[in-house]
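Since the structure comes first, as structure tokens, the remarks are kept for the end.
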Ligand SMILES: [Zn+2]
């Protein structure tokens with residue numbers, strides 16, 4: 001990473017959302033794209049999740065986002081959040097699942113961004129890659 005990119009990343013992460021704001025954002029995304037059907041009980045950042053961008057526990061309604069998303073564009077964070085919200089309604093990555101994400105206009109763009117990041121780090125693809133066998137991103 002160049003010095004300039006590092007500076008940019010540092011700036012972006014300074015205006016990072018707190019856990020409370022993340023919860024509010026999840027509620028808004030659910031209302032806008034999922035007719036308010038996904039009702040997360042708790043959304044928080046975690047630092048112990050490096051192999052996934054996000055995960056959720058549908059039984060508890062809890063969603064966790066990797067701190068590695070901090071500093072990424074809003075539309076990417078929103079996508080991962082919406083992805084996990086959709087998992088509160090539909091497990092796995094079947095047709096019904098992707099149908100839920102259809103109304104979010106930047107799904108493909110966000111997935112491309114995350115795949116690019118993963119490829120750059122030479123790590124396996126995550127965040128809902130079609131061939132990802134893990135049901136929760
Ligand atoms: Zn998923």
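The values are calculated or read from the model by the stated rules, or taken from the named source; none is laboratory data. Just so we're clear, the structure is a prediction, and the values are computed from it rather than from any experiment. Heads up, the Cβs are rebuilt from the backbone with ideal geometry, glycines too, and the neighbour counts pull from every protein chain shown.
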Only one of (1) away from the ligand (no atom under 13 Å from the Cβ); (2) farther than 19 Å from residue 18 by Cα; (3) modelled with pLDDT under 95 does not apply to residue 137, and that is (1)
Among residues of region 41-77 being assigned to a loop (DSSP other than H, G, I, E, B) and within 15 Å of the ligand (Cβ to nearest atom), the residue nearest to the chain's Cα centre (by Cα) is 53
Taking region 81-105 and keeping residues within 12 Å of the chain's Cα centre (by Cα) and not in a helix (DSSP H, G or I) leaves none
Output for Cβ contacts, cut-off 9 Å, separation at least six or different chains, first residue within 16 Å of residue 56 (Cβ to Cβ) and without any contact (Cβ under 8 Å) to a residue 40 or more places away in the chain in region 74-99, second near the ligand (Cβ under 9 Å from one of its atoms) and in a helix (DSSP H, G or I), reads 90/97; 97/83; 97/86; 97/87
Can residue 80 be described as buried (at least 20 other Cβ atoms within 10 Å of the Cβ) and at pLDDT below 95? no
Quick count over region 92-102, residues being within 9 Å of the ligand (Cβ to nearest atom) and surrounded by fewer than 17 Cβ atoms within 10 Å (Cβ to Cβ), is 1
